[in-house]
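Asks: Sharing a structure, written as structure tokens. Questions coming.
The values are calculated or read from the model by the stated rules, or taken from the named source; none is laboratory data. Bear in mind that the values here come from a model prediction, so they are computed numbers and not experimental data. Note: ideal-geometry Cβ built from the backbone for every residue, glycine included; neighbour counts use all protein chains shown.
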Amino acid sequence: MPPASVLRATLEYDGGHYRGWQSQMNARTVQGELLRACREVLDKDVKINGAGRTDAGVHAFAQVASIHGARVKAADLGKLRQDLNDRLPPDIHVLRLAVAASSFHARHDAKERVYRYRISRRRTAFGKRYVYWVKDRLDASAMQAAADLFVGRHDFGSFCENAEGHDSTLVEVAFARVETPPDAPDLILFRIGGSHFLWKMVRRLTGTLLEVGRGRLDLAGVLALLAARSPKPAEWTAPPSGLFLESVTYPGDPPPPAIDPYRPGF
């Protein structure tokens, strides 16, 4: 039998039927489903860590998980991936499996995480589960000006759930972009990359940008939320349907591939 190793798994999922990524007692989660499948195929003692603890209802294009304690040969990874997918529900899919360094940890070693939030300016039958339809007129350029204020190292205590429960609410944001794809003028993408993200942070930043886009909040108001903690962003929390974990990168990784803005259906 081969020695125990660490595997790096990349997976996509529709989070609509799950109580988030992290395993919970008496709740269906993505990590719980993956762990069940791994223990059926590999070993009862395997453990799994995810790069991002996505909230209930949040989706992922490329979540990364480290599977610890797997006994498998590199040559058998293709069959293992097939066996896992055969045991996973159809809304969770393992895209890639690779043998990682013995010290690899999906969460601790991640260099950057990128999230995207999809906002629809029109009603859509096919994309309803994967966008937030906003009927109000939105000023995307004003939203971008506000998003620029998020870049850098800031205290995002106003924008997270249970700020006191975090070890720190300081986050380094590498970029924050409000994009309207040329071929999809009714779709707005808010994409943000950073070292890590706090609980509900991206959804509350999105809600704040929407208030700016509607003309109800100005840039001075956004700066005030960064300067001192406020309960207001909690009232603007965008629903989970439009949020996707887009990519997770590690030292030495190539840039992640671009994702079609229409994906999934719009």
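Asks: Could you tell me which numbered condition Pro181 fails, if it satisfies all but one of (1) in contact (Cβ under 8 Å) with a residue 24 or more places away in the chain; (2) not assigned by TED's automatic domain parsing to the domain that holds Lys128?
Replies: In the conditions (1) in contact (Cβ under 8 Å) with a residue 24 or more places away in the chain; (2) not assigned by TED's automatic domain parsing to the domain that holds Lys128, Pro181 misses (2) alone.
Asks: Turning to a different aspect of this structure: Which numbered condition in (1) part of a loop (DSSP other than H, G, I, E, B); (2) touching a strand residue (DSSP E or B) at 6+ places or on another chain (Cβ under 9 Å); (3) of a type in the set (Ser, Thr, Tyr); (4) at pLDDT 95 or above is the only one that Ser247 fails?
Replies: Going through the list (1) part of a loop (DSSP other than H, G, I, E, B); (2) touching a strand residue (DSSP E or B) at 6+ places or on another chain (Cβ under 9 Å); (3) of a type in the set (Ser, Thr, Tyr); (4) at pLDDT 95 or above, Ser247 breaks only (1).
Asks: From Pro2, Pro89, grab the single residue that is under 20 Å from the mean Cα position of the chain (by Cα), in contact (Cβ under 8 Å) with a residue 12 or more places away in the chain and more than 30 Å from Val171 (Cα to Cα).
Replies: Pro89
Asks: Give the residue, chosen from Trp236, Trp199, that is in contact with a Cys (Cβ under 9 Å, 6 or more places away or on another chain) and not polar (S, T, N, Q).
Replies: Within the list Trp236, Trp199, the selection yields Trp199.
Asks: Right, another one. Looking only at strands (runs of 3 or more DSSP E) that fall completely inside the stretch 56-161, which ones have 3 or more residues that are among the basic types (Lys, Arg), in contact with a strand residue (DSSP E or B) (Cβ under 9 Å, 6 or more places away or on another chain) and not assigned by TED's automatic domain parsing to the domain that holds Ala176?
Replies: By residue number, no strands (runs of 3 or more DSSP E) qualify.
Asks: How many residues does the stretch 143-169 hold that are surrounded by fewer than 14 Cβ atoms within 10 Å (Cβ to Cβ) and either touching a Lys or Arg at 6+ places or on another chain (Cβ under 8 Å) or not small (Gly, Ala, Ser) (or both)?
Replies: So the answer is 4.
Asks: Restricting attention to the stretch 196-219, does a residue exist that is assigned to a loop (DSSP other than H, G, I, E, B), over 13 Å from the mean Cα position of the chain (by Cα) and acidic (Asp, Glu)?
Replies: Yes, the stretch 196-219 contains a residue that is assigned to a loop (DSSP other than H, G, I, E, B), over 13 Å from the mean Cα position of the chain (by Cα) and acidic (Asp, Glu).
Asks: Just one of the numbered conditions (1) surrounded by fewer than 21 Cβ atoms within 10 Å (Cβ to Cβ); (2) in contact (Cβ under 8 Å) with a residue 60 or more places away in the chain; (3) assigned by TED's automatic domain parsing to the domain that holds Arg118 is not true of Ala220; which one?
Replies: (2)
Asks: Let me ask you something else. Does the stretch 6-44 hold any residues that are over 18 Å from Asn85 (Cα atoms), without any contact (Cβ under 8 Å) to a residue 60 or more places away in the chain and not basic (Lys, Arg), and which are they?
Replies: Answer for the stretch 6-44, where residues must be over 18 Å from Asn85 (Cα atoms), without any contact (Cβ under 8 Å) to a residue 60 or more places away in the chain and not basic (Lys, Arg): Gly20, Gln22, Ser23, Gln24, Met25, Asn26, Ala27.
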